[in-house]
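Read through the structure below, which is laid out as structure tokens, and then see the notes.
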Amino acid sequence: MAESFEITFCGDTSLGYYYLDRSREKYPKAYERLQNNPISFFDGVLPILAKSDEVIVNLETVLSHDPGKPIEGKQYPGCDDPEVTIEVLKELGVTAVTLANNHTMDFGPDKLLSMIEKLQHNGIATIGAGINLEEARRPYRIEAKFGGQVKNVYVFNGMRATRRYIKYGFFAGKDSPGIASTNSNGMIRGIRKVKALDSDSIVIVCPHWQGIDYQDTSESHAQWCRKIIDAGADHIVAHGSHKADTVGSYNGGKVFFSIGNFVFNSPGRYRVKKAEPYSLVPRLILGNAGESPNGDFSVSKIVTDNRATNFNVSVCKEDNGELYGSLLSEVENMREQGIGMKLQDFIRMIGGECRIHFEGTYEDSFLGLAYAVQKTNSKYWMILMGSRFSESIKKKYGQAADSLEELILRCEHRGINRFVAPMSMRGEKCLLDKQCIFVDDTTKFLYKAAGLIKDNVTRGKVVGITGSAGKSTTKAILTHVMREYLTQKNIFSPGINQNVATNVLCHMSKNHDYDYAIMEVAASCLARFKRRKFSLSPDVAVVTSISEAHLDYLGNLEGVAVTKSEIFSQAPSDSVAVINSDTPHADLLMDRAKREGYKLISYGENDAADVRLEGFDFSSNAIEASVLGEKVSYVMGAPGRHMAINSLAVIATMIGLNIEGWKEALAYFSSYRPLIGRGEILQVNVERKQLTVIDESYNANPASMTASLDLLKNYHLPHGGRKIAIIGDILELGDSSKRIHAAMAEKILSSNLDKVFLVGEHVEEIWSRLPKNIKGGIFPSVLGVYEKLRNELSDGDVLLLKASNGIGLSEISSAIKLESVESSRGAAESVGMGTDT
């Protein structure tokens, strides 16, 4: 019996028939190798596998000669030749494959089951998929024999279930085939069952994080990992992001937050996504007098950016210099570009503006600043909140802790070891071995750093978007279209809810090497900037609308417009202002923009608009528009006239950015899908009733409320269906609340609704003005609303959810989604995974 036993885990793997066949002219050598010598793609990593007793790869493809059409709506489907792929896997010594990923069901359950049969017939075990939920959840057992003992190793696999993949039907049900989810409850039961029957065993869980391509994992992923280890798992080896993520330790176990790719023959988007071009291959070694009874890991770092390596994945030079060779000169150049600034240069620059004290080594880089522990990674410098910040703010950014030591440990778990801290923290033991910049005032430091980066370092163009309604959606559409059209450009676009001053400033500090940065800016942010005499100074400044929002601190409609006009402050040269000419106080906005030096592009429905809506078909979302006098036609991927208007702002912005061929980019509007809570359309099944849900639960003001009601009014009803609205309070209206809510009653009455449910304190003004026949109920909070609603729903109903975020209508949306999955697929546990990860 050998003294040791080795299990190797490999990330996303596919020979890439689907990708390379479509790119054969661009990558002729890779395509030729695929036809004549497919094993050659693995030449650079064969030494890693040489001593392995077990090799487990994440097979992220469908093995089929004739896969047929992919499931409806599925993007980027993948398939490979089954005989060739299986022969390659056998030659590599692969003993098992994980299948719970976002490709193995691309062509439906029949192709999945056929693939499983082929693999198992050739002696390759399958994990994470099966003919039903029980089989998909079943772990793979390895009998490891080493040093005179035998120990069982169990490997679990599941994929994070986002709503998109639930809709695609990827997940196995009680009596239906598919893949396993990372539902924590189901996973925990499986782990506990194994440990109860075999307490000395080793349990390894391999989650697949669908939906974070080329990005780092978040705190929610870390929480899930801790929860699974607390339940009895020994180690976690995750994949799904196509790149290497941090490696941590928890409760005696190793956590690989993402090992990335192995050999995955698509061109990849490392450079576009600003992701480091590396992945990991961990090997669990049992025996050999290792320190841990649950095994020790050896890890190889591999280079997996196919554009840089010409499809020659290889071991990094620090692991094996000969294999690495000169393949990565382009990668090294890319890393140099990603450095942003040398730390020494940044310290010298900021030192002229603030009193600072630096402790650490200057052999480092400055890539930007961050506040949110749960949303950042080791690249950035974390600003530690001192006593000036409230506990609620600290909690929001993940910095609430019983002690500084606890907070630093949390940061270390995320791989964060660079800090900007108040001078009062100098000498703290937990910071002694860290890179630290100590400052008198962290807020002043953030403003100064963002300004210096903006004025001296940022090379790309910045788009700033504000408005009472439509700014988040306009930003999302613009980001989608530009990323789809300008595939070779680096486009920085922070996630939603990143529009307040601290977030915007942190994002500005990261603008070193992007071609375009797209920023959403809230009114509160612009007000703070004005008080600090700071300006975003975007190259293209967009104002989507002026409405009665945030009147509690902006006063009146004109006050809203004045505050929003601050986005035009300090115009850079050749800058463009994009303004909705239909919105109240458009003249005020245009006057301010021109005074600051912006050129104007207006959009809207009036005859004077430069980009004008001339026709919109509610049934097909087809748009006719005049763009600077030229007629164009395109289709919008989200319904509603307000979405059509938002698309005009996007066209005007692309023109303002001087994007050549912007007319070709119009083709990508049709593939845009609304954000969650901002116009998302759901087709659901509740108690065997087919319903349509229009989820506008994230935010509300008079303008967006009117737009949502207009969408519901014009929505095509299935036969026998009704139009139902759940309307909640519009918050932050100050003394104008009664007047505005009373006016909303007229909007509701003109929308020809069949039933209305109201939620909140201020909606009483609406309720008293509605006729009895459409009153469904009024509630002080969301408690009890769904129970009342679900008993009154009928087949074919269309349901609108609209309120300010603080009312919590998103809870009703979540309840509907949950019940829909349970009733239509019999797979309730697949849903829990979506919120547990």
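Taking the residues in region 691-735 that are small (G, A, S) and touching an Asp or Glu at 6+ places or on another chain (Cβ under 6 Å) as candidates, determine which candidate is nearest to S810 (Cα to Cα).
The selected residue is S708.
Would you point out the residue of region 473-506, among those that are farther than 21 Å from D216 by Cβ and without any contact (Cβ under 8 Å) to a residue 60 or more places away in the chain, that is surrounded by the most Cβ atoms within 10 Å (Cβ to Cβ)?
Checked region 473-506; the qualifying residue surrounded by the most Cβ atoms within 10 Å (Cβ to Cβ) is K475.
Residues that are at pLDDT 85 or above and surrounded by fewer than 16 Cβ atoms within 10 Å (Cβ to Cβ): which helices (runs of 4 or more DSSP H) entirely in region 312-407 hold 1 or more of them? Reasoning before the result, please.
Working: elements: 321-324, 329-338, 343-351, 391-396.
It comes to 343-351, 391-396.
List the number of the failed condition for R138; all other conditions in (1) at pLDDT 90 or above; (2) charged (D, E, K, R); (3) buried (at least 21 other Cβ atoms within 10 Å of the Cβ) hold.
The failed condition is (3).
Being of a type in the set (S, T, Y), closer than 16 Å to T653 by Cα and assigned by TED's automatic domain parsing to the domain that holds T487 narrows it down to one of S565, S575, so name that one. Write out each step before concluding.
On the way: S565 fails: closer than 16 Å to T653 by Cα.
It is S575.
Does I71 count as more than 28 Å from I204 (Cα to Cα) and either assigned to a helix (DSSP H, G or I) or free of Cβ contacts under 8 Å to residues at least 40 places away in the same chain (or both)?
no
So which residues in region 598-634 are at positive phi and in contact with a Lys or Arg (Cβ under 8 Å, 6 or more places away or on another chain), if there are any at all?
Within region 598-634, G604 is the sole residue that qualifies.
Mind checking which pairs have a first residue in region 202-226 that is at positive phi and a second that is crowded, with 24+ Cβ neighbours inside 10 Å and part of a loop (DSSP other than H, G, I, E, B), Cβ under 6 Å, 6 or more apart or different chains?
From region 202-226, the pairs are Y214/H242; Y214/K243.
Could you list all residues from region 625-643 that are under 20 Å from L478 (Cβ atoms) and basic (K, R)?
Of everything in region 625-643, just one residue is under 20 Å from L478 (Cβ atoms) and basic (K, R), namely R641.
Within region 1-16, which residues are closer than 23 Å to S241 by Cβ and either among the acidic types (D, E) or surrounded by fewer than 22 Cβ atoms within 10 Å (Cβ to Cβ) (or both)?
Listed by number, the list holds a single entry, D12.
Quick one: which of T85, T61, T8 is within 20 Å of F171 (Cα to Cα) and assigned by TED's automatic domain parsing to the domain that holds R164?
Result of the check over T85, T61, T8: T61.
Sort through A625, A644, A638 and tell me the only one that's in contact with a Pro (Cβ under 8 Å, 6 or more places away or on another chain) and crowded, with 21+ Cβ neighbours inside 10 Å.
On inspection, the qualifying residue turns out to be A638.
Taking strands (runs of 3 or more DSSP E) that do not extend beyond region 169-278, which have at least 1 residues that are among the polar types (S, T, N, Q)?
Filter on region 169-278 gives 247-250, 261-264.
Identify, please: which residue in region 85-108 is of a type outside the set (S, T, Y) and over 19 Å from Y18 (Cα atoms) and is, among those, surrounded by the most Cβ atoms within 10 Å (Cβ to Cβ)?
A100
Of the numbered conditions (1) touching a helix residue (DSSP H, G or I) at 6+ places or on another chain (Cβ under 6 Å); (2) more than 16 Å from N265 (Cα to Cα); (3) charged (D, E, K, R); (4) modelled with pLDDT under 90, E72 satisfies every one except a single condition; which is it?
If we test E72 against (1) touching a helix residue (DSSP H, G or I) at 6+ places or on another chain (Cβ under 6 Å); (2) more than 16 Å from N265 (Cα to Cα); (3) charged (D, E, K, R); (4) modelled with pLDDT under 90, just (1) comes out false.
Quick check on region 484-493. Is at least one of its residues modelled with pLDDT of 90 or more and of a type in the set (D, E, K, R)?
No, region 484-493 contains no residue that is modelled with pLDDT of 90 or more and of a type in the set (D, E, K, R).
For N101, which of the numbered conditions (1) touching a helix residue (DSSP H, G or I) at 6+ places or on another chain (Cβ under 9 Å); (2) closer than 21 Å to T182 by Cβ fails to hold?
(1)
Name every residue in region 112-133 that is closer than 16 Å to P82 by Cα, in contact (Cβ under 8 Å) with a residue 40 or more places away in the chain and surrounded by fewer than 21 Cβ atoms within 10 Å (Cβ to Cβ), in order of residue number. Step through it out loud before you land on a result.
Residues of region 112-133 closer than 16 Å to P82 by Cα: 112-126.
With the extra rule that they be in contact (Cβ under 8 Å) with a residue 40 or more places away in the chain, the set shrinks to 112-115, 118-119.
Hits for region 112-133 are L113, S114, K118.
Quick check: is even one residue across region 528-537 modelled with pLDDT under 95, in contact with a strand residue (DSSP E or B) (Cβ under 6 Å, 6 or more places away or on another chain) and under 22 Å from K461 (Cα atoms)?
yes
Would you check which residues across region 100-143 are assigned to a loop (DSSP other than H, G, I, E, B) and among the hydroxyl-bearing types (S, T, Y) and list them?
If the condition is that a residue be assigned to a loop (DSSP other than H, G, I, E, B) and among the hydroxyl-bearing types (S, T, Y), then T104 is the only one that fits.
The values are calculated or read from the model by the stated rules, or taken from the named source; none is laboratory data. Bear in mind that the values here come from a model prediction, so they are computed numbers and not experimental data. Cβ: placed from backbone, ideal geometry, glycine included. Neighbour counts: every protein chain shown.
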